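These notes concern the structure reproduced below.
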Amino acid sequence: MRKLLVVIASLVLLAGCAEEPSNPPSSSGGGGENKDPCAAKSLPTVAKGTLTVATDRPAYPPWFKGSPKAYSGYEGEVASEVAKRLKLPIKWVVEPFAKSYSPGPKDWDFDINQITITEERDRAVDFSDGYYENNQGVLTLQGTPLASAKSISELKDYQFGAQVGTTSLAFINSTIQPSAEVKVFDTTNDAVSALNNGQIDALVTDVVTTVYLRDIEVDNSVVIGQYPKTEQFGMVFEEGNPLIECVNGALEEMKSDGTLEDLERKLLQQYLEVPTLE
Amino acid sequence: MFGGRGILISSASTIVFFAVIALAVALAPGSSLVAERFFDPYHLNRSLFGTVTTPSVVGAFVLNIKMFLIAEVFILILALVVAIVRGIPGPVFFPFRAIAVGYTDLFRGVPLILVLYMIGFGLPGLGLKFFSSQSEVTYGVVALVLVYSAYVAEVYRAGIDSVHESQTAAARSLGLSRWQAMRFVVLPQAVRRVIPPLLNDFIGLQKDTALISVLGPIEAARAANIYAAEQFNYGSFVIAAFLFIIVTIPLARFTDRLIERDQRRRRAGAAL
């Protein structure tokens with residue numbers, strides 16, 4: 001019995017220890033002489049003096065190119081530009097999408113991974129301001145009746161596929177409203193296999209990715225169009241992370257001085273010349 | 001089972017045990033956050049019944065049940081065939097025995113998810129008329145049947161081996177053919193002995209139907225995943241887990257009862 005009591009007591013103690021909050025590094029900076037809360041020295045980053053940025057792996061072009069040590073590609077360069085403006089070196093880490101919104105402290109400052117800002121998601125995490133306005137694109141194989149479709153209403157009777165967790169899936173269900181249940185895959189690659197095998201008639205993902213797939217990955221494929229959905233990609237922060245203000249400041253700067261637009265023109269323009277679906 | 005004092009002690013220790021665990025969880029620094037992300041009634045309810053853009057988890061679970069029931073029938077048959085073939089004596093039948101051994105070795109060794117990928121994405125790619133034009137659910141069930149039959153064949157074989165050779169000898173001396181001895185003497189005893197491990201495998205099968213989602217069909221785990229990604233809330237996974245549990249627990253209790261009954265019967269036999 002005494003042993004049992006000791007065990008219980010130690011468990012309670014353990015729980016007590018766990019309760020102690022791990023204080024986030026104070027964001028106020030020392031002594032108040034430094035007025036800029038976004039100065040490199042006073043930034044509340046996870047690793048002091050470094051901006052730790054997460055994305056999933058594999059990371060797909062044209063969003064990401066090159067090695068994880070120094071990503072380029074649109075999102076890679078946007079994140080690097082933010083780091084530059086915060087005067088911090090950047091370090092990339094891997095975070096699966098499904099884990100990016102789990103509760104608890106993160107080992108990265110923000111996650112950038114073509115994540116669309118929605119109201120529902122915003123309740124669980126904090127989003128930066130949008131850094132890219134995304135449209136949905138529809139990819140199918142040449143020579144199928146679907147390939148000549150011009151409007152959303154012509155798409156109803158086909159079998160669609162999408163990657164799990166994407167807003168494309170919600171777009172299919174709420175806007176196209178197909179008669180057959182959408183097939184949902186773990187990765188875009190699996191959806192591409194299904195398209196090649198004829199298991200789905202078309203796949204929907206962001207328009208940039210569809211054009212990339214058409215040009216590089218899928219023979220005889222065609223992007224029948226894009227659908228303007230006025231959704232924005234945002235960076236994901238742990239809820240309440242004060243760093244978000246500084247990142248938003250940097251993004252604001254990049255928008256007003258045209259850097260963001262230049263990056264988009266330089267890295268994504270070729271992917272956006274696609275007719276619009278009615 | 002314990003007597004009055006025993007009951008008192010067992011209840012007290014149960015209460016203390018769970019109270020300590022509950023306390024430890026409740027005092028954890030992130031407990032309110034976890035409660036909100038996993039157990040928010042709003043999200044539990046919405047994921048259970050679905051929204052405009054997300055499928056209902058319970059609706060999708062019907063597919064799991066269907067796949068389980070269909071696969072189970074085929075597994076029971078295929079596995080029995082494999083187990084019997086493996087036991088056929090005589091040099092002439094060597095190639096058949098070799099196939100049976102090779103089959104169980106192969107499909108017990110390869111992870112189910114890889115078999116799913118190979119069948120689900122491989123067969124349709126071949127461009128054959130019949131084999132390449134099935135639904136993903138069919139491919140998924142085929143993969144489940146192939147993998148689980150390898151396990152269940154071994155369970156059957158253990159049962160067959162456990163029946164003493166004298167049984168076959170006695171049956172043969174009564175004029176039954178080798179097949180008749182197997183069919184009427186060995187198998188009835190063998191199958192009864194392996195029912196608990198068989199049911200155990202079926203509990204595993206029931207859960208593994210979730211893996212079929214990699215091929216595209218929306219079953220319960222995938223429906224939960226869709227909801228989680230759209231709402232950034234894991235409540236849907238809790239709902240899916242709950243659905244699986246309420247199906248497997250009765251199966252587990254039923255297995256326990258069969259084991260008990262079997263033990264009683266054997267003890268009674270020994271007393272004769």
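The numbers here are math on the coordinates, done by the rules we state, and not lab data. On a predicted model such as this, the values are computed, not experimentally measured, just so you know. So basically every Cβ, Gly included, is an ideal-geometry build from the backbone, and we count neighbours across all protein chains shown.
Less than 14 Å apart at the alpha-carbon level, and either on another chain or at least 8 residues along: which aspartates and glutamates does that give for A:LYS156?
A:GLU181, A:ASP201, A:GLU278
When averaged across all projection directions, what area in nm² does the alpha-carbon convex hull of segment B:86-189 cover?
Taking a quarter of the hull surface, the average projection is 8.6 nm².
With r defined as the distance between the Cβ atoms of A:ALA40 and A:GLU261 and R0 fixed at 25 Å, what FRET efficiency is calculated, to the nearest 0.05?
0.45
Among A:ASP56, A:ASP215, which comes first, then next, by fewest other beta-carbon atoms within 10 Å?
A:ASP215, A:ASP56
Taking every DSSP beta bridge that has both residues in the protein assembly as shown, what percent is antiparallel when rounded to the nearest 5?
Given both bridge residues lie in the protein assembly as shown, the antiparallel proportion sits at roughly 60 percent.
Taking the Cβ of B:LEU205 as the centre, find all other residues whose Cβ is under 15 Å away and add up their charges (Lys, Arg: +1; Asp, Glu: -1).
-2
For a footprinting-style exposure proxy, rank B:MET182, A:MET235, B:MET67 by other Cβ within 10 Å, fewest first.
So the residues, fewest neighbours to most, are B:MET182, B:MET67, A:MET235.
By its C-alpha gyration tensor, with a ≥ b ≥ c as the square roots of the eigenvalues, how is the protein assembly as shown shaped: rounded for a/c under 1.5, else prolate for a/b larger than b/c, else oblate?
Note, shape of the protein assembly as shown comes out oblate.
May I ask you to list the GluC sites (Glu not before Pro) in segment A:32-95 that are in a DSSP loop and have at most 14 other Cβ atoms within 10 Å of their Cβ?
Answer in residue order: A:GLU33.
Quick one: if the Förster radius is 56 Å, what FRET efficiency do B:PHE96 and A:THR230 give, using the C-beta to C-beta distance and rounding to 0.05?
Computed FRET efficiency for B:PHE96 and A:THR230 comes out at 0.30.
So, counting K/R as plus one and D/E as minus one, what does the shell of residues with Cβ under 13 Å around A:LEU195 add up to?
-2
Inside 10 Å of the C-beta atoms of B:229-242, what's the mean count of C-beta atoms belonging to other chains?
Per residue, the average neighbour count from other chains is 4.
Please identify the chymotrypsin sites (Phe, Trp or Tyr not before Pro) of segment B:114-216 that satisfy two criteria: DSSP loop assignment and at most 10 other Cβ atoms within 10 Å. Which are they?
In loop regions of segment B:114-216 (DSSP not H, G, I, E or B), the sparsely surrounded chymotrypsin sites (Phe, Trp or Tyr not before Pro) are B:PHE130.
Give the relative contact order (percent, whole number) for segment A:134-230; include only Cα pairs under 8 Å separated by 6+ residues.
Relative contact order, segment A:134-230: 47 percent.
Could you check the spin-label model distance between A:LYS156 and B:SER177? Points 7 Å from the Cα along Cα→Cβ, value in nm.
According to this spin-label approximation, the distance is 6.2 nm.
I want the local charge near B:VAL147. Using Cβ-Cβ distances under 10 Å, sum +1 for each Lys or Arg and -1 for each Asp or Glu among the other residues.
0
In peptide A:193-199, how many Cβ atoms from other protein chains are near each Cβ within 10 Å, on average?
6
Grab the DSSP H runs of the protein assembly as shown that are 4 residues or longer, score each as -39,500 (n - 2.57), total them, divide by all residues and round the 222 nm result to the nearest 500 deg cm²/dmol.
Here the helix-only value at 222 nm equals -17000 deg cm²/dmol.
Over the Cα atoms of chain A, what Rg and Dmax result, in angstrom?
22.5, 80
Roughly how many whole Å is it from the C-alpha centroid of segment B:164-192 to that of segment B:1-53?
Taking the Cα centre of each part, segment B:164-192 and segment B:1-53 sit 52 Å apart.
Structure shown: which of A:LYS84/A:LYS266; A:LYS41/A:LYS99; A:LYS65/A:LYS229; A:LYS99/B:LYS207 lie over 24 Å apart, alpha-carbon to alpha-carbon?
Violating the 24 Å Cα-Cα cut-off are A:LYS41/A:LYS99; A:LYS65/A:LYS229.
Taking the Cβ of each residue in A:LYS84, B:LYS129, A:LYS266 as the centre, tally the other Cβ atoms inside 10 Å and list the residues starting with the fewest.
With the fewest neighbours first, A:LYS84, B:LYS129, A:LYS266 line up as B:LYS129, A:LYS266, A:LYS84.
To the nearest 0.05, how large is the calculated FRET efficiency for A:GLU239 and B:LYS129 if R₀ is 60 Å and r is the Cβ-Cβ distance?
0.65
Sort chain B into rounded, prolate or oblate with this rule: let a ≥ b ≥ c be the square roots of the eigenvalues of the Cα gyration tensor; rounded if a/c is under 1.5, and if a/c is not under 1.5, prolate when a/b is larger than b/c, oblate otherwise.
oblate
Would you work out the relative contact order for chain A, in percent, from Cα pairs under 8 angstrom that are 6 or more residues apart?
Relative CO of chain A lands at 22 percent.
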